[in-house]
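Asker: Here's a structure for you.
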Amino acid sequence: MNAAEANDRQDIESPKLTDIIVRVRGKRVIMDTDLARLYGVKTKRLKEQVRRNSERFPQDFMFELTKDELVEVVANCDHLKKLKFSSVLPLAFTEHGTVMAANVLNSRLAIEASIMVVRAFIHAREILAEHLDLKRRLELLEQKVARGFEDNENELNAIRLTLQQQMLPTEIPSKKSIGFGRGK
């Protein structure tokens, strides 16, 4: 890994992992360029290993974007702007695909990074679950108000408190740095 790749690798830490998870075809995925950077390999090497082990990557683990999907991803994700000029369509890896990619790369760095990636996917699911629970509670309150209940002060206060907590920035506990980290 050269110095530029090492710097790119340092820039992606646990809290930022959720920023590189994008939604394509209704699935949360990480694009091949981001995954390769996380695993400390070139995108070309990652794709070579995936193609050599294609039986390990069914459609629910990894898929190639269409041209229309590529346009949409580039338009919505600033960090993927370079893909606009790519002559090949990128691969999108689901949570299970990221783990399988670490296995076919078979390096310590890839395995450690895959653990961080899985934790980021889990964190994204937890955030979604919290928002769905909050939405459900708000809908129940709206139904009660619509039916004429006037004694909703306690529930309103509980929802207000929940909304305030949701507005606070979430933090993923940082784990041991991997790769070329700054000495601590």
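The values are calculated or read from the model by the stated rules, or taken from the named source; none is laboratory data. The structure displayed is predicted, hence computed values, not measured ones. Virtual Cβ from ideal backbone geometry, glycine too; neighbours counted across all protein chains shown.
Asker: Can you pull out the residues in the stretch 93-120 that are hydrophobic (A, V, I, L, M, F, W, C) and surrounded by 22 or more Cβ atoms within 10 Å (Cβ to Cβ)? Full working, then the answer.
Answerer: First, the residues of the stretch 93-120 that are hydrophobic (A, V, I, L, M, F, W, C): 93, 99-102, 104-105, 109-111, 113, 115-118, 120.
Across the stretch 93-120, the qualifying residues are F93, A101, A102, L105, A110, A113, V117, A120.
Asker: Which one of the conditions (1) buried (at least 16 other Cβ atoms within 10 Å of the Cβ); (2) of a type in the set (D, E, K, R); (3) over 20 Å from R28 (Cα atoms) does E142 fail to meet, given that it meets all the rest?
Answerer: Among (1) buried (at least 16 other Cβ atoms within 10 Å of the Cβ); (2) of a type in the set (D, E, K, R); (3) over 20 Å from R28 (Cα atoms), E142 violates only (1).
Asker: Here's another thing I want to ask about it. Cβ-Cβ under 7 Å, sequence separation 6+ or interchain: first residue in the stretch 38-53 and within 14 Å of F93 (Cα to Cα) and of a type in the set (S, T, N, Q), partner modelled with pLDDT of 90 or more and not in a helix (DSSP H, G or I). Which pairs?
Answerer: none
Asker: A further question follows. List, please: which pairs have Cβ atoms under 7 Å, are six or more places apart or on different chains, and start with a residue in the stretch 14-37 that is farther than 9 Å from A92 by Cα and without any contact (Cβ under 8 Å) to a residue 12 or more places away in the chain and end with one that is of a type in the set (S, T, Y) and not in a helix (DSSP H, G or I)?
Answerer: Correct list of pairs: empty, since none qualify.
Asker: Confirm whether M116 is touching a residue at least 12 places away in the same chain (Cβ under 8 Å), touching a Leu at 6+ places or on another chain (Cβ under 7 Å), assigned to a helix (DSSP H, G or I) and closer than 21 Å to K27 by Cα.
Answerer: Spelling it out, M116 is indeed touching a residue at least 12 places away in the same chain (Cβ under 8 Å), touching a Leu at 6+ places or on another chain (Cβ under 7 Å), assigned to a helix (DSSP H, G or I) and closer than 21 Å to K27 by Cα.
Asker: Same structure, new question: Can you go through A129, A120 and tell me which one is of a type in the set (G, A, S), at pLDDT 75 or above and in contact with a Ser or Thr (Cβ under 8 Å, 6 or more places away or on another chain)?
Answerer: A120
Asker: Is it the case that E171 is more than 18 Å from D34 (Cβ to Cβ), within 22 Å of the chain's Cα centre (by Cα) and at pLDDT 75 or above?
Answerer: no
Asker: Return the only residue of P58, P90 being in contact with a Leu (Cβ under 6 Å, 6 or more places away or on another chain) and not acidic (D, E).
Answerer: Values: P58 fails: in contact with a Leu (Cβ under 6 Å, 6 or more places away or on another chain).
Criteria check complete, one pass: P90.
Asker: Count, please, the residues in the stretch 50-73 that happen to be surrounded by 19 or more Cβ atoms within 10 Å (Cβ to Cβ) and part of a helix (DSSP H, G or I).
Answerer: Number of matching residues: 3.
Asker: Right, next: For the structure I just gave you, tell me whether L83 is under 22 Å from R45 (Cβ atoms) and in a helix (DSSP H, G or I).
Answerer: Yes.
Asker: Still on this model: Tell me yes or no: at least one residue of the stretch 75-86 is among the small types (G, A, S), closer than 19 Å to G26 by Cβ and at pLDDT 90 or above. It would help to see each step written out before you state the result.
Answerer: The first filter runs over the stretch 75-86 and keeps only residues among the small types (G, A, S), leaving 75, 86.
Next cut, closer than 19 Å to G26 by Cβ only: 75.
Okay, now just the ones that are also at pLDDT 90 or above, so none.
Scanning the stretch 75-86 turns up no residue that is among the small types (G, A, S), closer than 19 Å to G26 by Cβ and at pLDDT 90 or above.
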